[in-house]
1. Among all lysine pairs in the chain that are eight or more places apart or on different chains, how many have alpha carbons less than 26 angstrom apart?
2. Could you give the accessible area per residue of the stretch 3-236, probe 1.4 Å, as a whole number in Å²?
3. What residues from the stretch 1-32 fall in the zone where the backbone N is under 14 Å from a label point 7 Å along the Cα-to-C-beta line of residue 217?
4. Any idea what the relative contact order of the stretch 82-237 is, in percent, if you count C-alpha pairs under 8 Å spaced at least 6 apart?
5. Using 1/(1 + (r/R0)^6) with R0 = 25 angstrom and r between the beta carbons of residue 141 and residue 107, what's the FRET efficiency to the nearest 0.05?
6. Give me D for the chain in µm² s⁻¹, whole number, from Stokes-Einstein with Rh from the Kirkwood sum over alpha-carbon pairs, 4 °C and 1.567 mPa s.
7. Once you put a point 7 Å from the Cα of residue 120 and another 7 Å from the Cα of residue 23, both along the Cβ direction, what distance in nm separates them?
8. Points 7 angstrom from Cα along the Cβ direction at residue 79 and residue 159: gap in nanometres?
Amino acid sequence: MTMDAARDRLIVALDLPSVADARAMVAALGEDVSFYKIGMELTYAGGLPLAQELARAGKKVFLDLKLHDIPNTVARATAQVAEMGATFLTVHAYPQTMRAARGALGSSSLKILAVTVMTSYDDSDLAAAGYAYGVKELVARRARQAQEAQVHGLILSPEEAPDMRALLGPDMLLVTPGVRPAGAEIGDQKRVMTPARAIAGGADHLVVGRPVTQAPDPRAAAQAIVREIAQQMARGA
Ligand code: C5P
């Protein structure tokens, strides 16, 4: 039971160039991974039928499509995704967009996650894009707006999780990429945290890509992360 709960908190990012590669990775990971993220790269390479296939096979699927458009289009796109059996869908954290997505779920169990500010943006990028706020202020402002729009969760860096947990309370799902087991390659991530620390900091789900998919033994890498999550949960996170 504990291992199932720990496994549910690991989301493996299928950032792979083709559906065949992704399918092979899912087969290699077997029962050790129950939750997958499909992003734009794989989606545009034919990944949506794979998402439906995984959902039908009992896996959970996070479609990281980062929707943002006029409310009518966001609502209609969200309604389509809700039919696919996905568990999570991302939208950008603009109030209109979040309300439109949230309002289009009908009776489906799809959950909406909002992306507050892309982690590639710093204060000067926001100023150049015409925003009056720096990153910290804009993340907090959008997090509150996400709560008002009743979206189910937020994507954020593990460093932001403790403050957001304090600001938003226990019900908002916090999903964090930028997770690296001790000793793993950091790659292009700038601010990383171990799985145990991310969980201790209030994250509900961890998105992990390359430390699993590029590992010499992906299944063993996933098992080690799930064990680390389980140990942290046993300590009380
Ligand atoms: O390979 P790695 O573990 O760095 O993959 C992290 C995943 O999380 C990728 O799919 C990446 O696009 C996504 N992501 C991220 N940082 C964000 C938002 C999403 O790394 N701020």
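1. Value for the chain: 12.
2. Spelled out: the 1.4 Å probe surface of the stretch 3-236, per residue, equals 47 Å².
3. 29
4. It rounds to 17 percent for the stretch 82-237.
5. 0.20
6. 72
7. 3.0
8. Using points 7 Å along Cα→Cβ, the separation is 4.2 nm.
The values are calculated or read from the model by the stated rules, or taken from the named source; none is laboratory data. All of these numbers come straight from a predicted model, not from anything done at the bench. With ideal geometry, Cβ positions are generated from the backbone for all residues, glycine too; neighbour counts draw on all protein chains shown. Heads up: the accessible areas ignore ligands, DNA and RNA and are worked out on the full protein's heavy atoms, side chains in. Shrake-Rupley method; radii C 1.70, N 1.55, O 1.52, S 1.80 Å.
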